[in-house]
Amino acid sequence: MRILLLGSTGYLGGHIAERLRALPGVRLLRGGRAPVDDHRIDLATITADALAEQLGRAAPDAVVNCAGTVTGTALNLAGVNSRGPAVLCQALRAASPSARLVHLGSAAEYGPRGVGERTAEDAPARPVALYGATKLAGTLAVLEARIDALVLRVTDPVGPGAPPAGLPGRLTAELSRAVARTPHGTVRVGDLSARQDFVDVRDVAQAVALALALPGRLPRLLNIGSGRAAPARDLARGLADAAGFTGDVEETLGQVGRPTAAPWQCSDVTAAEWELGWRPRFTLRESLAALWASDGDPRLAPAAGSRGTSVP
């Protein structure tokens, strides 16, 4: 089976690449802008005709699209998150109409939900931020394409290699500096009042592998998450425990923090369990222990003159 993975150098893409390489009979091809990629593909700028030529040469049996961005200008977000999936679907229909597409969406597409609500796939999508809106546009392009395609709408991923753009990665870096200075100091964070659905990045990779392996038509959209709304304070305290940090994790809302736009996030993952035979394997504590073991570095030097560290 020939699988073309787009965005393999990113957080999700790296773990998915590792999982797919372990599958018997799989030849993994990588597409993107990195020197290690087999095919130079920039979904933000490539034309559908040029991408169709690339797909014709690659001849994939399946394509996994992990290409996306959470930061940058509106033009950059729209180019990668919205235009990219639309171009990919058009090119697949022209050059590889029998290939299955697994596209990674985001639970940010749903927007804020009511406290206590578990969000199912048929819930209306009402994103309030540009990232969620651009990801939703990309998801809609995939859902409306006349190809064999599935969107996995992923909640907040956590685990080894977490990027600094998210709370787990930022806090890991700050705790590394704090532990290097003293295990009894203070790490200052922003607002941790939100309850979020943290899912292990390795569980996300397993969901992709299952979606590629199952024959026949699958639902067009499935949630991938833990199915549990965990307090962000649990993540901060659990990561501090994994780091051996016995000091204070201090919230300083209004000084370095900001209120969260989504105080509650919890996806209903019943459909993924039923359709894919998938369920999350790792607890949040296990994910945080793996994150610290992979990325925690107490040798990092603290900022000069700093009496504490801050995580926005």
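Pick from ASP197, ASP148, ASP234 the residue whose mean-square fluctuation is largest in a GNM of the chain, springs joining Cα atoms under 10 Å.
ASP234
Net charge near HIS103: determine it from the other residues with C-beta under 11 Å of the C-beta of HIS103, scoring Lys and Arg +1 and Asp and Glu -1.
Working: positive: ARG100, LYS135, ARG153, ARG220; negative: none.
Residues close to HIS103 contribute a combined charge of +4.
When ILE147, ILE46 are ordered from fewest to most other Cβ atoms inside 10 Å of their Cβ, what list results?
ILE147, ILE46
What's the local net charge at PRO127, with K and R +1, D and E -1, over the other residues with C-beta under 14 Å away?
With Lys, Arg at +1 and Asp, Glu at -1, the net is +3.
In units of 2.2 N^0.38 Å, what is the alpha-carbon radius of gyration of region 1-41?
Compactness ratio reported: 1.06.
In the Gaussian network model of the chain, springs joining C-alpha atoms below 10 Å, which of GLY84, GLY13, GLY116 carries the largest mean-square fluctuation?
Result for the chain, Cα springs under 10 Å: GLY116 fluctuates most.
Which order results if SER96, SER193 are arranged by neighbouring Cβ count within 10 Å, fewest first?
By the 10 Å Cβ count, ascending, the order reads SER193, SER96.
Provide LEU28, LEU101 in ascending order of the number of other Cβ atoms located within 10 Å of each residue's Cβ, fewest first.
The most exposed by this proxy come first: LEU28, LEU101.
Taking the C-alpha atoms of region 132-213, how large are the radius of gyration and the largest Cα-Cα span, Dmax, in Å?
17.6, 58
Find which of GLY166, LEU55, ALA243 sits farthest along the positive direction of the dipole of the chain, computed with +1 on the beta-carbon of Lys and Arg, -1 on that of Asp and Glu, about the Cα centre.
It is LEU55.
Using alpha carbon coordinates only, what is the Rg to Rh ratio of region 135-292, with Rh defined as the Kirkwood radius?
1.04
Once Rh is set to the Kirkwood radius over Cα pairs, what Stokes-Einstein translational diffusion coefficient, in µm²/s, holds for region 1-138 at a temperature of 37 °C and a viscosity of 0.692 mPa s? Numbers along the way, then the final one.
On the way: Rh = 15.7 Å.
Rounded, D is 210 µm²/s.
Comparing GLY138, GLY169, GLY216, which has the greatest mean-square fluctuation in the GNM of the chain with Cα pairs linked when under 10 Å apart?
Looking only at GLY138, GLY169, GLY216, the largest GNM fluctuation is found for GLY216.
Hey, any idea what the orientation-averaged projected area of the convex hull of the chain's Cα atoms comes to, in nm²?
On the way: hull surface 63.3 nm².
In nm², the orientation-averaged hull projection of the chain is 15.8.
What are the equivalent ellipsoid semi-axes of region 71-218, built from the alpha-carbon gyration tensor (square roots of five times its eigenvalues), in whole angstrom, biggest first?
In descending order the semi-axes read 33, 17, 16 Å.
Values in this text are rule-based calculations from the coordinates and carry no lab data. This one's a predicted model, so the numbers in the text were calculated from it and none came from an experiment. Every residue, glycine as well, gets a Cβ built from its backbone with ideal geometry; the counts of neighbours run over all protein chains shown.
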